[in-house]
Amino acid sequence: MNYLFLFYLIIFQGRSDIVVHNAWIRPAPESFNTALYCTVINNSAETDTLYEITSDISNDIEMHETYMKDNLIGMRPVKNFIIASHDSVVFKPGSYHIMIMNLKENAAENSTKEIKLFFKKSGEVQIKAIVRSQR
Amino acid sequence: MKKILLFIFSFILVNGCNNNFDLKEKVTNSNLTLVNQDSVSILYPEVIKDKIAVIGFIYTHCPDICPMTAHNMELAEESLSKDELDEVKFLLISFDPGRDTPSILKQYADVRSLDMNHWELLTGKEEDIKMLLKEYDVKAFNDDTTYNEKGEPNYFMIHTDRISLVDKDGNLRKNYRGSIASPEELSKDIKNLE
């Protein structure tokens, strides 16, 4: 029984219901705004809600969407993202993005930044995002 | 019969080549004094005289769309040979001159490692920028403004998503949606104008 429990721990320890892929940030100097992009997958059996994102690199991080109206382009905040079970949300250039405002430090190419994502059910998920140019 | 076929063939050939460019509008009607990333006064349209100009309209507080515009211009630049590049000027014009000072533009250029032999980032007096935007039919408006604890304004902008291609005679030849412009198409069009 103990062996079984140990096996369970080895296989499942640290496995989160939320998986974040391909997190990257556009390079930007200190005090500039930049954007974080990533894919957030909800592997749990329940719908979850991404409602907040924080990081030591900025006091002001918002989730945004880019929109087009009357041939003009703009951005507006999105309060939260409801992600159904086994579904995902993609933050990508020209679409949904995570806006990092007034950087407290340089986001230099090839550096990594720690980001925390908060979910109503899964709680806090920490990720590392690489700073790189768009490909 | 041969003459008719020859005429049709020539017509298709000539028009086929020109179809790439749907515009030919003079965009050098205003004489403006702008300022570049090094705080040097730049005269418009002198800055693009005898050059093919690739002009992107941006503001540096924009984290998503405007960097995509600059990126597409960079990719087009990368595909040109040194000789081809000598014929081209890449301009990024800020439609947010109140916040986009020369030093901010300099940092924007540095973080992208832009080759300043071919690039110029321009800001200026609000009335001059307005005049230039009118010339290119680019629109930009402030969204809701909030103020931080230092009293500095924070706002985003709603704007035309634009890269413009201008020939050596100062004629606007093509507009692209800046953020989704194809660098290959832009590069091909530049070469066709050379």
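The values are calculated or read from the model by the stated rules, or taken from the named source; none is laboratory data. What you are looking at is a predicted structure, and each value in this text was computed from that prediction instead of being measured. Every residue, glycine as well, gets a Cβ built from its backbone with ideal geometry; the counts of neighbours run over all protein chains shown.
Here are some notes:
- Within the stretch A:6-27, the set of residues being modelled with pLDDT under 50 and either under 22 Å from A:Lys92 (Cβ atoms) or of a type in the set (Val, Ile, Thr) (or both) comprises A:Ile10, A:Ile11.
- The stretch B:1-57, residues that are at pLDDT below 55 and assigned to a loop (DSSP other than H, G, I, E, B): B:Asn19
- Strands (runs of 3 or more DSSP E) fully within the stretch A:66-129 counting 1 or more residues that are of a type in the set (S, T, N, Q): A:87-91, A:112-119
- Selection of the stretch A:32-70 for residues being at pLDDT below 95 and either surrounded by 18 or more Cβ atoms within 10 Å (Cβ to Cβ) or touching a Leu at 6+ places or on another chain (Cβ under 6 Å) (or both) yields an empty set.
- Scanning the stretch A:54-90 for residues that are within 8 Å of another protein chain (Cβ to nearest Cβ), in contact (Cβ under 8 Å) with a residue 12 or more places away in the chain and among the β-branched types (Val, Ile, Thr) turns up just one, A:Thr66.
- Of the residues making up the stretch B:20-65, just one is out of contact with any Gly (no Cβ under 8 Å at 6 or more places or on another chain), of a type in the set (D, E, K, R) and surrounded by 16 or more Cβ atoms within 10 Å (Cβ to Cβ), namely B:Lys51.
- Test for A:Met99: is it within 14 Å of chain B (Cβ to nearest Cβ), of a type outside the set (Asp, Glu) and without any contact (Cβ under 8 Å) to a residue 40 or more places away in the chain: no
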